[in-house]
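Structure record follows, encoded as structure tokens.
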Amino acid sequence: MEKKIFHWGASTSAFQVEGGYGEGGKGVATTDVRKVPEGVADSKFASDHYHHLKEDIHLMKELGITLYRFSFNWTRIMGDGYEENQAGIDFYNQLIDLCLENGILPFPTLYHFEMPQKYIEDFAGWQSRKCVDLFVRYAEVCFRHFGDRVKEWGTINEQLIVSAATDLNGNHEADPDLKMKNMYQMSYHMSLAEKKTMAVFRKIVKDGKIGPICSMQVIYPESPSPKDILAARNAQDFLQNCFLDMSVFGQYPTSYSNYLKNKGLYPEYDEEDIKVLKNNRPDFIGINYYCSTCVRALGEDEDNRQLPPFYRNELFTLGNNPYLTKTKWMEFGIDPEGLYIGMRDIYERYGLPMIVTENGLAYSDKLEDEKVYDHYRIDYLEQHIDQCTRLVTEGYPVLGYCPWSLIDLVSSHQGFKKRYGLIYVDRTDVDVKECRRIPKESYYWYQSRILSEK
Ligand code: BG6
């Protein structure tokens, strides 16, 4: 029998698409207050999905997707963080019901980068265990309100990024060593919160499935030198295995815990955490993939302080891969085969079904005569989908594929000049206009691809 991908979907996240700043009882999120450079869009209007909900779901139906991967906005559900906000819950009830009425499976992620700013002010956010309890409470609210209709859930989107990006998590400690220690502590608290959430989920959404959404790391050594090979192994442990091993096995890779212990960076924990961490396993792994990463050994006296915190250690540093085509917005290059390599490795290590939750090409698209000819995006998607099909044909369990993104949305750090959508949103960084929706060439291409798979 021919093996097929089960769901053809598409992806967004709340703070990048919704807008609706301060509306319907929404509290203030970290992403609402962070400073963006002059002339770059913030997330207050985003793609104004909050006011275009019906239109956007209609476009999803026309596209033919059977799954919509979105995220709940923590501060729409919990206001400033402490009380349920009925208007926000109503908004998501409407979204979920509209999806279901149109034959689209709603697949939310609980935590996609934004969180209540009040938590940062009250107890330094994830640096405190209080955040663990409040996250579990928020998740429980979501399970109780939506678990009757929503059966597939993502926990944390890209823990690698959210534990490191200070504008998303409020880790503004001035001392660099302490800031680093905070990062590891926050990440530990996120892992613990994820596991406690899974325990609650099993009680409330008995017939549901839940899993982490990882920023898949496909790490290549820059050369066959043993030093670079070791650097690549270290990078794999520090950029991916430390998160997924916790999500699945409830423990860190040995190299990672040894390093943290030797450096005095190992997070504080309670003995009783161990049972929680070991006992609650996910059902699947969500895969976000844009490109592979090339690393090499760090040179003696080489300064790596300008790199993002997760690359700032003496075990590896970024290298260059001359085999990949790079573009302005895809600085690491384009590597479809990396998707195959990475997912195969993830399956070998964890043995869980996988779903591609994000995969896409950034470009400064231009609207010309009411059309966007994004053939570059079609090429990218086609090549990556082919790698998914290859996995499925070989027998790997790939539950679905979701391009990032369904619709243009505000990039995590670079506004609206950098677009990923299948649907163009007519606005610029400085002028929100009407946010008109115009399907791009890639939308029609994906539509016929989905049809041909049926
Ligand atoms: C992923 C995130 O890291 O990459 C998305 O889950 C993000 O939220 C996407 O938008 C692309 O990154 P960026 O920075 O180009 O928006």
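The values are calculated or read from the model by the stated rules, or taken from the named source; none is laboratory data. Predicted model, so just to flag it, every value in this text is computed and none were measured. Neighbour counts are summed over all protein chains in view; Cβ atoms, including those assigned to glycine, are modelled from backbone coordinates with ideal geometry. For the accessible areas, the whole protein counts, side chains as well, though only heavy atoms, and no ligand, DNA or RNA atoms are used. Shrake-Rupley method; radii C 1.70, N 1.55, O 1.52, S 1.80 Å.
A 1.4 Å probe, protein heavy atoms only, puts the accessible area of THR66 near 40 Å². Residues THR155, THR254 ordered from highest to lowest accessible area at a 1.4 Å probe: THR254, THR155. Of all aspartates and glutamates in the structure, the ones whose alpha carbon falls short of 20 Å from that of LYS54, not counting any fewer than 8 places away in one chain, are GLU18, GLU23, GLU62, ASP90, ASP97, GLU101, ASP408, ASP426, GLU434. Here region 311-390 has 49 percent of its accessible surface on carbon and sulfur atoms, given a 1.4 Å probe and all protein chains in place. Between region 249-265 and region 389-443, the alpha-carbon centres lie 37 Å apart. What trypsin sites (Lys or Arg not before Pro) in region 126-177 are in a loop by DSSP, with at most 16 other Cβ atoms within 10 Å of the Cβ? Passing sites in region 126-177 are ARG149, LYS151. Cross-link partners for LYS179 among the lysines, with Cα-Cα distance under 18 Å and sequence neighbours closer than 8 places in the same chain left out: LYS261, LYS263.
Entry comment: accessible area of the chain is 41 Å² per residue, from protein heavy atoms only and a probe of 1.4 Å.
Ordered from highest to lowest accessible area with the whole protein assembly present and a 1.4 Å probe, ILE57, ILE334 read as ILE334, ILE57. Near TYR220, the amide H atoms lying under 5 Å from its own belong to THR293, CYS294, VAL295; only residues 5 or more places off or on other chains count, and H is placed 1.01 Å from N.
On region 1-80, 55 percent of the accessible area sits on carbon and sulfur atoms, based on a 1.4 Å probe. Counted over the chain, the DSSP beta bridges are approximately 25% antiparallel. Its Cα centre serving as origin, the chain has a Cβ charge dipole (Lys and Arg +1, Asp and Glu -1) of approximately 880 debye.
Each of ASN85, GLY22, ILE65 was scored by the projection of its Cα onto the charge dipole of the chain, and the greatest displacement toward the positive side belongs to ILE65; charges sit on the C-beta of Lys, Arg, Asp and Glu. Of the peptides 205-218, 261-274, the order by per-residue mean of other Cβ atoms within 10 Å, starting with the highest, comes out as 205-218, 261-274. Of the accessible area of region 414-454, computed with a 1.4 Å probe over protein heavy atoms only, carbon and sulfur atoms account for 52 percent. A straight Cα-to-Cα reach below 16 Å connects LYS275 with the lysines LYS195, LYS196, residues fewer than 8 places away in its own chain not being considered.
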